[in-house]
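Here is the structure we will look at, set down as structure tokens.
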Amino acid sequence: MDSYPFLKGHGTENDFVLLPDHDGTVHGELGAERVRALCDRRAGIGGDGVLRVIRTEQIDAGRGQPAEWFMDYRNADGSLSEMCGNGIRLFGRHLALDGLVDPAQPVPIGTRDGIKTLTFAGGRADGEITVDMGTPKVLEETEVSVVVAGVERRWPALHVDMGNPHAVAWVDDLSDVGPLHDAPVHDDAVYPDGVNVEFVVRRGPAHVAMRVHERGSGETRSCGTGACAVMVAAALADDAARDTDYRIDLPGGSLRVSWTADDRVLMTGPAVLVARGSTDL
């Protein structure tokens, strides 16, 4: 294939390769093999996933969504994912900096989990970005486990759906779960398509810290939808009033998340573009 443009960036060190393909003429159906090559940290560009930037009218998954732009997201292993909270902020940053949207106005973005609306702080293309992540679904209690130094450890977990599935488990210390090289064991009946698993500790009032193993990507430095699921679980455990702002600390930085009185989850954080160029991977 001829060379094509890319951008590289991150949201709280959850990093992505962006592929501008506005009219759907560059990549056609973006294959898993190409995604894996792009995300390879030694032989490729490196990333936790790939975001294809395409107009909604050009992709079947976005049909009927009243948004000009669609975030066609894939995990590092090439698998499709419904939503990416850090990725969508980076997606919006690219659109705003390249003059493709007006940051002074709310910006709707199509995803496989429906429309997500971005708001840019101060109406500036380079300001923090708040994402309306929609209404969370709090589902059943379940269980996750990991093997640390040859010993299996188990924790109860809360199933929270943020457009993609999460299992939120409270631990005494974030080191308790070991290196997280392998995906935690989960109930396949509850999560037939896999699950993102968050391990959480308290840091103070409305303040928690977490680590996450993302399906299809492994342990990542941050997970936006995971931070939202953690905030929902923490707010329920704390019996917190709606609109309480929580600080969620991740290995790659911090996010602010609130659960509003009208049952929406709002996530605010940075998005940084670090490079652009062309590749023939």
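The values are calculated or read from the model by the stated rules, or taken from the named source; none is laboratory data. These numbers come from a predicted model, not from an experiment. Note that each Cβ is placed from the backbone with ideal geometry, even for glycine, and that neighbours are counted across all protein chains shown. We work out accessible area using only protein heavy atoms, side chains counted, and drop any ligands, DNA or RNA first. Shrake-Rupley method; radii C 1.70, N 1.55, O 1.52, S 1.80 Å.
Here are the numbers for this structure:
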{"item": "From VAL160, VAL195, VAL185, residue being free of Cβ contacts under 8 Å to residues at least 60 places away in the same chain and within 25 Å of GLY134 (Cα to Cα)", "result": "VAL195"}
{"item": "Tabulated pairs, region 24-40, first farther than 11 Å from GLY78 by Cα and modelled with pLDDT under 95, second surrounded by 18 or more Cβ atoms within 10 Å (Cβ to Cβ) and of a type outside the set (A, V, I, L, M), C-beta under 6 angstrom, 6+ apart or interchain", "result": "HIS27/ASP21"}
{"item": "Every residue from region 118-138 that is within 16 Å of the chain's Cα centre (by Cα) and part of a strand (DSSP E or B)", "result": "LEU118, ILE129, THR130, VAL131, ASP132"}
{"item": "Flag for ASP113 being closer than 24 Å to GLY252 by Cβ, open to solvent by 10 Å² or more (accessible area, probe 1.4 Å) and under 14 Å from the mean Cα position of the chain (by Cα)", "result": "yes"}
{"item": "Region 258-280, residues that are among the hydrophobic types (A, V, I, L, M, F, W, C), in contact with a Lys or Arg (Cβ under 8 Å, 6 or more places away or on another chain) and crowded, with 18+ Cβ neighbours inside 10 Å", "result": "TRP259, MET267, ALA271"}
{"item": "Considering residues of region 228-257 that are under 16 Å from GLU13 (Cβ atoms) and either in a loop (DSSP other than H, G, I, E, B) or of a type in the set (Asp, Glu) (or both) only, the residue most open to solvent (accessible area, probe 1.4 Å)", "result": "PRO251"}
{"item": "Test: residue in region 153-164 that is of a type in the set (A, V, I, L, M, F, W, C), more than 25 Å from GLY114 (Cβ to Cβ) and out of contact with any Ser or Thr (no Cβ under 9 Å at 6 or more places or on another chain)", "result": "no"}
{"item": "Region 4-60 - residue that is more than 24 Å from CYS223 (Cα to Cα), of a type in the set (D, E, K, R) and in a loop (DSSP other than H, G, I, E, B) and, of those, most open to solvent (accessible area, probe 1.4 Å)", "result": "GLU29"}
{"item": "Which numbered condition VAL190 fails, given (1) open to solvent by less than 40 Å² (accessible area, probe 1.4 Å); (2) under 27 Å from ARG124 (Cβ atoms); (3) assigned to a loop (DSSP other than H, G, I, E, B)", "result": "(2)"}
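Yes/no matrix, rows are residues, columns are (1) farther than 20 Å from LEU174 by Cα; (2) touching a residue at least 24 places away in the same chain (Cβ under 8 Å):
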position	(1), (2)
SER222	no, yes
VAL230	no, yes
ALA234	no, yes
ASP239	yes, no
THR244	yes, yes
ILE248	no, yes
